[in-house]
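These notes are about the structure you will find just below.
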Amino acid sequence: MKSFSLSQRDCFRPIQETPDQLYSSFKEALSDYGAESDRLGKSEDALIGIIGKMELMKFVSPNDFQELVKLKVFELMVDLLANCGNNLASYIFLAFKRITDGDIRVMHDAQAADFVDLLVKYHAVEKFVSCFFRFSEDDDVVYEALQTIAHMIFLRPDVAKIVSKQTKLINWVLKVVKTKGCDYKKQYTVGLLTTILQYTSEENILELGKMGTVDVVVEALLPYTKSPVRKKGILDQEKIDRVQILFGCLPYSETSVKKEDMLDQDEEFDLVQSLFDCLFCLLSPVENKERFANAGGVHLMLQIVKQEKLHNFYYGSAIAALDIALEQCPSASDKFVNDALALDIAFPASIDAISSSITHEAVEIEGHLMSLITTLTDGTTGVEKDTLLDKFEENGYIAWLLDLFSRYSLRVYARMNQLRDKQLDQSELYEEKLEYGLSTLQSIAVILAYLLLSKRSTIRAKIGEFKEDVLRVLKEYRDNIGNAGGSVEIAAKTVIKYIVSLEKVISVY
């Protein structure tokens, strides 16, 4: 593929031709393309040059570019993909990718989005996919096509629905994600899958789950339960090499991936985090949570958390995945409570020493842990109540829980005082409080209510003085529970039950 780049000098160089002249030149070169008289490929060179000028016009003369769009020259480019060669297809996709690129469209957001609308009107996604499978998986055109589709989804989320219906493409994506290794093709492909999942509907996420996407993502994460990491978070290259040989990530293993295609350590970390992002999206429907549990996902997350050397990397993501998976999913909860690692992970011995991981702040991890424990206390997970109460009495956990309740209370109500003079409606005020940890405070209040209403007097004695504070938080939770999202009805029943019981307890004193 010949080199063509938008240099800084190019971006300020005016295009000599008018939109009409570029259109005429394109049509003339297109009529010669593939003709027997064009054996030297001069028409392809001409088309590539014209495509470069049309792309450049988008940035140096947006008004002229709009005129070019009206001439329907880009419809001709989309149709050309059906029978052009690799080199020209790569240039067409490169132009589409740059025109829709989020990094260089800063001044022209609306124009880039309108261009995506145009591509959708031309049924470009379907034609892109058809073109995609005419070439080798290692061709440049594959990478350009994947990035173009991802940009289209970013600018127009409705495109995700169109893409998710392209069964042939989705199956190819899943096949690449399943491959053992950590190369650029996999990175691009996981990036596209992440974009599709983040912008599509829950209905489509459910359909993607039926296609085996959950199982594939769990399988792709499996090698990273074994990734050795130094205490400070620096990968031990000698050990990493041995692990990579095992999973097919080095050129001398049984894989066709070339050395220059290998990801560096930071890129490999980004790849894994993208897989977690896929997982977070996939776990929104209960049916996919069940698929996650059946695929061994719960045990996998527990294994990742268990690897203390991974704490700076994937610990926070694994805790978040467990929190999401267990909510209102009996099969995932059952897998969790029957795993020997589970309760020790939910109740770590050094709970007061939770530190941030690379992708999650300590407060985020605290929030997910509190939410996870709330799920364990709701009586649907099958964990024995006495076993659970025993865990609360270990390692000064209740003292830590009370300290956490006080800290989050101070944060939330201090923020309320700051906003007292602001003209905010109730929903805006609630959103502000959520930003300052209200959701975590509510989870802690539910846990403390569970403990206050237990039959274990030693526990009740430790937290009795917090009864009224817990009740106040629960009442606010009840009043705003419709804004919280998720399984509202079930959460409301639990909170109301605790409020009624606590009011009876308080009235006795």
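Among the residues making up the stretch 383-405, a single one is closer than 18 Å to residue 436 by Cα and loosely packed, with under 13 Cβ neighbours inside 10 Å: 403. Per the listing 449, 414, the residue uniquely among the hydrophobic types (A, V, I, L, M, F, W, C), in a helix (DSSP H, G or I), out of contact with any helix residue (DSSP H, G or I) (no Cβ under 9 Å at 6 or more places or on another chain) and on the phi < 0 side of the Ramachandran plot is 414.
Among helices (runs of 4 or more DSSP H) entirely within the stretch 133-241, having at least 3 residues that are at pLDDT below 95 and surrounded by 15 or more Cβ atoms within 10 Å (Cβ to Cβ) singles out 140-155, 159-164, 167-178, 184-199. When residue 490 is tested against (1) among the β-branched types (Val, Ile, Thr); (2) surrounded by 16 or more Cβ atoms within 10 Å (Cβ to Cβ); (3) touching a residue at least 40 places away in the same chain (Cβ under 8 Å), exactly one condition is not met: (2).
Residues are listed down the side, and each one gets a yes or a no for (1) surrounded by fewer than 21 Cβ atoms within 10 Å (Cβ to Cβ); (2) in a helix (DSSP H, G or I); (3) small (Gly, Ala, Ser):
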residue: 43; (1), (2), (3): yes, yes, yes
residue: 46; (1), (2), (3): yes, yes, yes
residue: 52; (1), (2), (3): yes, yes, yes
residue: 59; (1), (2), (3): yes, yes, no
residue: 69; (1), (2), (3): yes, yes, no
residue: 92; (1), (2), (3): no, yes, no
residue: 112; (1), (2), (3): no, yes, yes
residue: 119; (1), (2), (3): no, yes, no
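Among the residues of the stretch 1-29, those that are under 23 Å from residue 139 (Cα atoms) and either modelled with pLDDT of 85 or more or surrounded by fewer than 13 Cβ atoms within 10 Å (Cβ to Cβ) (or both) comprise 2, 3, 5.
Checking each residue in the stretch 361-400 for being within 20 Å of residue 497 (Cα to Cα) and assigned by TED's automatic domain parsing to the domain that holds residue 448 picks out no residue at all.
The values are calculated or read from the model by the stated rules, or taken from the named source; none is laboratory data. Just so it is clear, the model here is predicted, and its values are computed rather than measured. Positions of Cβ are generated from backbone atoms using ideal geometry, with glycine treated the same way; all protein chains shown enter the neighbour counts.
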